[in-house]
């Protein structure tokens, strides 16, 4: 009995140790009843065995990029640092923009002071041309009304004589029930609307990318003459067409990037003709440019541009006609410096093309009213008002530096105005800035027939849109002198 008792005690102790002690990994694969034998044990360590992951399928990347990624980016916690930096930059820029706008509002107009005889002759000339009323019925402004300027009105009556009342078709109203508020463009408060720094950065980046594209594709160089910057493409091969350079004056907006399709098509259609594009940062929303609020005045721009043409060999140093036949083409506000050059050096500009020109019939106020004072009525008006009209530099230029008398261009100041090979005018009937029908009547009243391309459905800038009939007409007209000496 003793041996059996000892054997039972030993078995009990073994089972107790088995129950209390944890099993090693190699023994955990076995069970007292259901454990099966998996083969002989080895001395290889499990940690030394590499783990083989399955290859990721295409659906993994599709779901990650299309669903998981965009949803995770919506969490602002992933953008804390970026949002903080952006908000800090926008705050500093907002302070800068506010201070600059406040200083501009305090400054008065910088327009030159003209002699009285100049204003009298100008006013008489306008009356002889024809003054269209800005409203269907214009009530006479008497000296008792707050809108009137007594001495100015009296001087106008004395010097204009009997032309004033019939030409303006004024209806006298003793009760003055209908008051007319004058548009004091250079005296009214500046209408400036702020915009984020990211917008200016985006426009600057767009112009940088387009400049790089022009340099790489067409060999355009970005140069500077005095204070005037420009884009210039000189042809590699010298032919007779090299004597027919093209100068393009752009209008309001974001600069050359806005006219990328038009400029690129000119460079592509006329590879053997020099092309010059003077840059105007004050109307291009280039707020980081030194010339954004320091534009060249009329005298400076005309003299600088003339000097640049002389340096390029497109104009002689004297007033004799140059061997080069310079073609000037302008759009919208670009017609203003175009008009300045015509007045100062009419013999230099052999051919002239005006697209949506604002320089005609400026005395009637349509341009200023539509661009500054008009209440927006459609989507295009809202875009023009916010993205162009109320920008800091553009508002300063239009409402403080716009000299309408100097910017006005008259028929007799255009050499060969009736010759369609030398002068061409592209006008839209539904232009939201200029009164296209009025400009058309003015030009046709002076005998310009074939030189006026009037599109009844055309809008501002539609003549330069790629694929349009207007652009085809512009390109065809620009090529009119090719092959001729």
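Take the conditions (1) part of a helix (DSSP H, G or I); (2) surrounded by 19 or more Cβ atoms within 10 Å (Cβ to Cβ); residue 475 misses just one of them, which is (2). For residue 206, are the conditions met, namely being closer than 17 Å to residue 333 by Cβ and crowded, with 16+ Cβ neighbours inside 10 Å? The answer is no for residue 206. Contact annotation: residue pairs with Cβ atoms under 6 Å, 6 or more positions apart or on different chains, pairing a residue in the range 325-338 that is part of a loop (DSSP other than H, G, I, E, B) with a partner that is at pLDDT below 95 and surrounded by 24 or more Cβ atoms within 10 Å (Cβ to Cβ), are 325/244. Of the listed requirements (1) touching a helix residue (DSSP H, G or I) at 6+ places or on another chain (Cβ under 6 Å); (2) touching a residue at least 60 places away in the same chain (Cβ under 8 Å); (3) closer than 23 Å to residue 300 by Cα, residue 344 misses just one: (2). When the residues of the range 340-366 are filtered to those that are in contact with a strand residue (DSSP E or B) (Cβ under 7 Å, 6 or more places away or on another chain) and part of a helix (DSSP H, G or I), the one that is surrounded by the most Cβ atoms within 10 Å (Cβ to Cβ) is 341. Does residue 319 satisfy being within 30 Å of residue 391 (Cα to Cα) and either modelled with pLDDT of 95 or more or assigned by TED's automatic domain parsing to the domain that holds residue 368 (or both)? When the stated conditions are applied, residue 319 does not pass them. For the range 296-308, does any single residue satisfy the condition of being at pLDDT below 95 and either outside any helix (DSSP H, G or I) or surrounded by 22 or more Cβ atoms within 10 Å (Cβ to Cβ) (or both)? Within the range 296-308, one or more residues are at pLDDT below 95 and either outside any helix (DSSP H, G or I) or surrounded by 22 or more Cβ atoms within 10 Å (Cβ to Cβ) (or both). The set of residues in the range 220-234 that are within 11 Å of residue 274 (Cα to Cα) and either part of a strand (DSSP E or B) or in contact with a helix residue (DSSP H, G or I) (Cβ under 6 Å, 6 or more places away or on another chain) (or both) comprises 220, 231, 232, 233.
Here's the yes/no breakdown for (1) in contact (Cβ under 8 Å) with a residue 60 or more places away in the chain; (2) in contact with a helix residue (DSSP H, G or I) (Cβ under 9 Å, 6 or more places away or on another chain):
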| position | (1), (2) |
| --- | --- |
| 398 | yes, yes |
| 406 | yes, yes |
| 424 | yes, yes |
| 429 | no, yes |
| 434 | yes, yes |
| 444 | no, no |
| 448 | no, yes |
| 456 | no, yes |
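Evaluated against (1) modelled with pLDDT of 60 or more; (2) crowded, with 16+ Cβ neighbours inside 10 Å, residue 92 falls short on exactly one condition, (2). Here residue 78 clears all of (1) surrounded by 11 or more Cβ atoms within 10 Å (Cβ to Cβ); (2) modelled with pLDDT under 85; (3) over 30 Å from residue 196 (Cα atoms) except the condition numbered (3).
Here's the yes/no breakdown for (1) surrounded by fewer than 16 Cβ atoms within 10 Å (Cβ to Cβ); (2) within 19 Å of the chain's Cα centre (by Cα); (3) modelled with pLDDT under 95:
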residue	(1), (2), (3)
400	no, no, yes
406	no, no, yes
426	no, no, no
449	yes, no, yes
459	no, yes, yes
470	no, no, yes
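Looking for something assigned by TED's automatic domain parsing to the domain that holds residue 243, crowded, with 16+ Cβ neighbours inside 10 Å and at pLDDT below 95 - is there at least one such residue anywhere in the range 330-338? So far as the range 330-338 goes, no, none of its residues is assigned by TED's automatic domain parsing to the domain that holds residue 243, crowded, with 16+ Cβ neighbours inside 10 Å and at pLDDT below 95. Of the helices (runs of 4 or more DSSP H) lying entirely inside the range 376-466, those containing at least 1 residues that are over 21 Å from residue 282 (Cβ atoms) are 379-384, 436-445.
The values are calculated or read from the model by the stated rules, or taken from the named source; none is laboratory data. Predicted model, so just to flag it, every value in this text is computed and none were measured. Neighbour counts are summed over all protein chains in view; Cβ atoms, including those assigned to glycine, are modelled from backbone coordinates with ideal geometry.
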